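Written below as structure tokens is the structure these notes are about.
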Amino acid sequence: MAVLAADLSERAKIHVNSIIINEENAADVLGDGSVSYDIENDSLILKDAQLSVIRTEGDLTIVLQGQNCIANTDGMAIDVKGNLTVIGEGSLEAEGVGYGIYSGDNLSISENANVSVKVNSGFVDCYGIYSYMDMNIGENAVVTVEMGAAPKNCYGIYSYDDLTIGDNAV
């Protein structure tokens, strides 16, 4: 569902670092050309971005262009309570504590996206990439996960429901 400029204020807030995306800053969220929000396609576009966190209570599509990095020393790099889709010809390095990438619903990484996750943990459990529902990694996506030591359980890729890896994904 496309979100139009007139109702972007009704969409679940998207936080990039400490900035909430709105109609005024959507074209250049951080003021450096590295993050924009495509209102018509309801997509967050990262272009050689260096970030600390992305959060939203709703669904989110992230389009990767160039080399992107999200490093959060206090928690998750990406925290999406709804569906999360990561696509694009670019790459993403996501580093977090406890979780690298979290989706509270379905998660998809595809369309040539190259995603590398590193998790450092001080928690009992840690997850590189976590999906509360189904997870699909496909369409030439490349995903790598590096886990730090945890006192109890570490899961590189965890899907509460179905996990599908296919379509030339590695």
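Using bins of 5 Å that start at zero, the share of Cα-Cα pairs per bin across the chain amounts to 2, 9, 18, 23, 22, 15, 8, 3, 1, 0, in whole %. Cβ-Cβ distance of ASN112 and LEU163, R₀ of 30 Å, FRET efficiency by 1/(1 + (r/R0)^6): the value works out to about 0.90.
In this structure the amide hydrogen of VAL145, modeled in the peptide plane, comes within under 5 Å of the amide hydrogens of VAL117, none closer than 5 places in sequence on its chain.
The fraction of accessible area contributed by carbon and sulfur in the chain is 46 percent, rounded to a whole number (1.4 Å probe; ligands and nucleic acids excluded). By DSSP, the beta bridges lying fully in the chain are antiparallel in about 15 percent of cases. What number, in percent, do you get for the relative contact order of the chain if the mean sequence gap of Cα pairs under 8 Å and at least 6 apart is divided by its residue count? Rounded, it is 14 percent for the chain.
Descending by average beta-carbon neighbour count within 10 Å, the peptides 136-147, 59-70 line up as 59-70, 136-147, the highest first.
The values are calculated or read from the model by the stated rules, or taken from the named source; none is laboratory data. No experiment lies behind these values; they were computed from the predicted model shown. Neighbour counts run over all protein chains shown; Cβ positions are idealised from the backbone, glycine included. Please note that ligands, DNA and RNA were not included when accessible areas were found on the heavy atoms of the full protein model with its side chains. Shrake-Rupley method; radii C 1.70, N 1.55, O 1.52, S 1.80 Å.
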